[in-house]
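Colleague: The following block contains the structure, expressed as structure tokens.
Nothing in this text is a laboratory measurement; each read-out follows from the coordinates by a stated rule. Source: prediction; values computed, not measured. Counting neighbours? That spans all protein chains shown, and the Cβs are built from the backbone with ideal geometry, glycine included.
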Amino acid sequence: MIFLKSKDEIQIMRRAGAVVADVLLKLEAHVKPGVTTGDLDRIAEEHIRKSGALPTFVGYQGYPKSLCTSINEEVVHGIPGSRLLKEGDIIGIDCGVTLEGYVADHAITFGVGVISDEYQRLLDLTVKALKAGLDAFVLGNRIGDIGHAVQSVAAECDYGVVRDFVGHGIGRKMHEEPQVPNFGKPGTGPRIKAGMVIAIEPMFNLGTHEVQVLKDGWTVVTKDRKASAHFEHTIAMAESGPVLLTVP
Ligand code: MF3
Ligand code: CO
């Protein structure tokens, strides 16, 4: 069942989105060689709580931290800890916050210091795919149109598109229906209606689309250990049209 949101609910989610966007903006300034992923998590949690929100990921199916921090071949769900960022890494930072009972979900992959052209292109094209997905979130379109738009960008450059993890509806829960895959056929899937709120989150790999979960039970890595990038926004369909929620 897809829960459509009222104007008031979308307004609360917009404020949750502003909090999580502020968190990632703040973290961007700390993404430097020598910083640990645990440092980033502490900064994020403090900012979230000071904003009157809660870190949605803490306790989610037993997850221990406020952020997911996924470096290089890590795709998503890396657990913050003592690992040091180093020059040339890319780090996906994913964060969810709950404000007044509503969740906003947002992720950006940052370069650490100077990164290779190959990594920069991966980031640029994954951002381009997220934009294409957001642009396909149009009244009357279907969810498959979003996946098709995302996948079409990956096809330009021969990247692997992760299929085992997908975007999702979002609201009182972080994961609601519908699923929002990063692949699909135009004109298929649920129709996009006023009140729908979803998170679109392409994960592009330099190599194979195949992924594995490490023994910690969380960290998702590429099967060939080549790098991966992940970007995510939460977007609502208001009566007046699409509203990007995860912006400052
Ligand atoms: N934010 C992720 C998503 O985009 C989920 C994080 S899983 C958690 O769906 F366990 F860390 F919460
Ligand atoms: Co998400």
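Colleague: Mind listing just one residue for me: the one in the stretch 111-123 that is among the hydrophobic types (A, V, I, L, M, F, W, C) and assigned to a loop (DSSP other than H, G, I, E, B) and, of those, nearest to VAL58 (Cα to Cα)?
Modeller: VAL112
Colleague: Could you count how many residues in the stretch 28-52 are buried (at least 20 other Cβ atoms within 10 Å of the Cβ), within 16 Å of ILE79 (Cβ to Cβ) and not hydroxyl-bearing (Ser, Thr, Tyr)?
Modeller: Counting residues in the stretch 28-52 that are buried (at least 20 other Cβ atoms within 10 Å of the Cβ), within 16 Å of ILE79 (Cβ to Cβ) and not hydroxyl-bearing (Ser, Thr, Tyr) gives 4.
Colleague: Select from the stretch 67-110 the residues that are under 14 Å from the mean Cα position of the chain (by Cα) and part of a loop (DSSP other than H, G, I, E, B) and write down the one among them that is nearest to ligand 1 (Cβ to nearest atom).
Modeller: Step by step, filter the stretch 67-110, then rank; the result is HIS77.
Colleague: Also, I was wondering about something else. Given the residues GLY111, GLY140, GLY147, which is the only one that is at positive phi and of a type in the set (Gly, Ala, Ser)?
Modeller: GLY140
Colleague: Hey, another quick one. Kindly indicate whether any position in the stretch 170-183 is more than 16 Å from ligand 1 (Cβ to nearest atom) and surrounded by fewer than 22 Cβ atoms within 10 Å (Cβ to Cβ).
Modeller: Residues of the stretch 170-183 that are more than 16 Å from ligand 1 (Cβ to nearest atom), as a first pass: 183.
Now narrow it down to the ones that are surrounded by fewer than 22 Cβ atoms within 10 Å (Cβ to Cβ): 183.
Yes, there is a match, as at least one residue in the stretch 170-183 is more than 16 Å from ligand 1 (Cβ to nearest atom) and surrounded by fewer than 22 Cβ atoms within 10 Å (Cβ to Cβ).
Colleague: Looking at ILE12, ILE43, ILE48, ILE2, can you tell me which residue is part of a helix (DSSP H, G or I) and in contact with a Gly (Cβ under 8 Å, 6 or more places away or on another chain)?
Modeller: When all the criteria are applied, what remains is ILE12.
Colleague: With the requirement that a residue be outside any helix (DSSP H, G or I) and among the aliphatic types (A, V, I, L, M), what does the stretch 16-40 give you?
Modeller: Of everything in the stretch 16-40, those that are outside any helix (DSSP H, G or I) and among the aliphatic types (A, V, I, L, M) turn out to be ALA29, VAL31, VAL35.
Colleague: Quick check on my filter: what residues within the stretch 225-246 are outside any strand (DSSP E or B), surrounded by fewer than 16 Cβ atoms within 10 Å (Cβ to Cβ) and not polar (S, T, N, Q)?
Modeller: Result: ARG225, GLU239.
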